[in-house]
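Only one structure is covered here, and it is reproduced in the block below.
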Amino acid sequence: MSDGTAGQVDAAATRQVRAFNRSVTQRIGALNDEYLARGRPLGASRVLWEIGADGTDLRTLRARLDLDSGYLSRLVRSLEQDGLVAVQPGAGDKRVRTVRLTDAGRAERDLLDRRSDELASSLLVSLSNVQRDRLVEAMGVVERLLTAGLVSVDVEDPASTAARFCIESYFAELDTRFDAGFDPGRSISADVDELTEPAGLLLVARLRGEPIGCGALKLHAREPAEIKRMWVAPSARGLGVGRRILSELEEQARRRGVRLVRLETNRTLKEAGGLYRATGYVEVEAFNDEPYAHHWFEKRLA
């Protein structure tokens, strides 16, 4: 939609996406039972590639590829029968199974890489330089937008491993970016008990199962709610994750009867200030004594 908000997709847009999907699946050979002439379908080849040189546990692999556990098990079993992977119990937790490439699997993965490069080149070789540049640029845009669509944002236990990773990454980045560093002990608190219902909540954004961002809400009965701990991993910036987290925090606040939300930010975090202004936050006089803040904002929720 032209205003940038989520909404119902029109029929013409749906037809264009379906046409795009048909063209791509045919052009890259996804319709063939033997992808890249290697005797296995695309799904199995993708799993082989995603396992990587160092191996991974099946739980992480399933989250990364967003596959049904039964289907993933069948794919891994077929690769195991072909002698390309080995599945073993995890060292620390026997319930977590780890899958690794065998020597034959590493050789097969290298071959798949070469043939994938050849396939990619074949998509470009018949085009003019101008057409080639346009296609590559368009593919970059499509990849970023499709990746943005894979991001999930959900309420998280603030004591979980993913939550601790996000908060610690947030503190580490502030310590690097602020002129005099950052000491969490000096800042206004947003501890585990303050981010647990009914006192508040924490949202964590994930991409392919990995935490890439967070945002918190502190609730104060009839007083304005506070938005805290807004952070997005550098690798995920440009995907609109911060805007999504902020929007979901506002929605969570609305559901709890909150009509005014407040936040503060440091002057070095220019991108954060830009996001807040662009999403309807108004700069106001300081409403707390946060030592690291230079700008204070509030927004009245509809």
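The values are calculated or read from the model by the stated rules, or taken from the named source; none is laboratory data. In this text, all values refer to a predicted model and were calculated from it rather than measured experimentally. Every residue, glycine among them, receives a Cβ derived from its backbone with ideal geometry; neighbour counts consider all protein chains shown. The protein model used for the area step is the full one, side chains on, heavy atoms only, and it has no ligands, DNA or RNA in it. Shrake-Rupley method; radii C 1.70, N 1.55, O 1.52, S 1.80 Å.
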Handout entry: Failed item, numbered, when residue 163 is tested on (1) within 15 Å of the chain's Cα centre (by Cα); (2) of a type in the set (Gly, Ala, Ser); (3) at pLDDT below 95
Key = (3)
Fill in the blank from the handout: Picked from region 279-302 (must be aromatic (Phe, Trp, Tyr) and open to solvent by less than 40 Å² (accessible area, probe 1.4 Å)), the residue farthest from residue 180 (Cα to Cα) is 281
Exercise for the section: Would you please name the residue that is modelled with the highest pLDDT, looking only at residues in region 1-49 that are more than 28 Å from residue 62 (Cβ to Cβ), open to solvent by 80 Å² or more (accessible area, probe 1.4 Å) and hydrophobic (A, V, I, L, M, F, W, C)? Expected result: 9
Handout entry: Of all residues in region 143-164 being among the hydroxyl-bearing types (Ser, Thr, Tyr) and open to solvent by less than 50 Å² (accessible area, probe 1.4 Å), the one that is nearest to residue 252 (Cα to Cα)
Key = 152
Handout entry: Residues of region 54-73 satisfying the condition of being open to solvent by 70 Å² or more (accessible area, probe 1.4 Å) and either out of contact with any helix residue (DSSP H, G or I) (no Cβ under 7 Å at 6 or more places or on another chain) or among the acidic types (Asp, Glu) (or both)
Key = 54, 59, 66, 68, 71
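Identify all residues within region 10-33 that are assigned to a loop (DSSP other than H, G, I, E, B) and over 27 Å from the mean Cα position of the chain (by Cα); write none if there are none.
We begin by selecting, within region 10-33, every residue assigned to a loop (DSSP other than H, G, I, E, B); these are 10, 28-33.
Correct list: 29, 31, 32, 33.
Filter region 192-202 down to residues that are surrounded by 13 or more Cβ atoms within 10 Å (Cβ to Cβ) and either assigned to a loop (DSSP other than H, G, I, E, B) or among the basic types (Lys, Arg) (or both), then give me how many there are. Full working, then the answer.
At the first step, the residues of region 192-202 found to be surrounded by 13 or more Cβ atoms within 10 Å (Cβ to Cβ) are 192, 194-196, 199-202.
Applying the additional criterion that residues be either assigned to a loop (DSSP other than H, G, I, E, B) or among the basic types (Lys, Arg) (or both) yields 192, 196, 199.
Residues in region 192-202 being surrounded by 13 or more Cβ atoms within 10 Å (Cβ to Cβ) and either assigned to a loop (DSSP other than H, G, I, E, B) or among the basic types (Lys, Arg) (or both): 3 in total.
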Exercise for the section: Only residues that are modelled with pLDDT of 90 or more and farther than 12 Å from residue 97 by Cβ: list them for region 52-67, please. Expected result: none
Practice task
Scan region 225-251 and report the pairs whose first residue is over 14 Å from residue 204 (Cβ atoms) and whose second residue is of a type in the set (Gly, Ala, Ser) and surrounded by fewer than 16 Cβ atoms within 10 Å (Cβ to Cβ), with Cβ atoms within less than 7 Å and a gap of 6+ or a chain change.
Solution key: 239/148; 240/148
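Yes/no matrix, rows are residues, columns are (1) crowded, with 20+ Cβ neighbours inside 10 Å; (2) charged (D, E, K, R); (3) assigned to a helix (DSSP H, G or I):
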{"site": "188", "(1), (2), (3)": "no, no, no"}
{"site": "212", "(1), (2), (3)": "yes, no, no"}
{"site": "216", "(1), (2), (3)": "yes, no, no"}
{"site": "219", "(1), (2), (3)": "yes, no, no"}
{"site": "226", "(1), (2), (3)": "yes, yes, no"}
{"site": "230", "(1), (2), (3)": "yes, no, no"}
{"site": "235", "(1), (2), (3)": "no, no, yes"}
{"site": "239", "(1), (2), (3)": "yes, no, no"}
Practice task
Could you figure out which of (1) open to solvent by less than 100 Å² (accessible area, probe 1.4 Å); (2) within 28 Å of residue 34 (Cα to Cα); (3) aliphatic (A, V, I, L, M) isn't true of residue 167?
Solution key: (2)
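In the list 105, 140, which residue meets the criterion of being of a type outside the set (Phe, Trp, Tyr) and either in contact (Cβ under 8 Å) with a residue 24 or more places away in the chain or surrounded by 12 or more Cβ atoms within 10 Å (Cβ to Cβ) (or both)?
Details: 140 fails: either in contact (Cβ under 8 Å) with a residue 24 or more places away in the chain or surrounded by 12 or more Cβ atoms within 10 Å (Cβ to Cβ) (or both).
None of the other options fit; the residue is 105.
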Handout entry: Matching entry among 79, 36, 75, 61 (being closer than 24 Å to residue 110 by Cα, in contact (Cβ under 8 Å) with a residue 40 or more places away in the chain, not acidic (Asp, Glu) and not in a loop (DSSP other than H, G, I, E, B))
Key = 36
Practice task
Being of a type outside the set (A, V, I, L, M) and in a helix (DSSP H, G or I) is the filter here, so list the residues in region 98-110 that pass it.
Solution key: 103, 105, 106, 108, 109, 110
Exercise for the section: From the list 175, 113, 133, 179, pick out the single residue that is assigned to a helix (DSSP H, G or I), open to solvent by 90 Å² or more (accessible area, probe 1.4 Å) and either out of contact with any Cys (no Cβ under 7 Å at 6 or more places or on another chain) or of a type in the set (Asp, Glu) (or both). Expected result: 133
Problem - Cβ pairs under 7 Å, 6+ apart, first in region 83-97 and in a strand (DSSP E or B), second surrounded by 11 or more Cβ atoms within 10 Å (Cβ to Cβ) and of a type in the set (Gly, Ala, Ser) - result: 85/105; 97/90
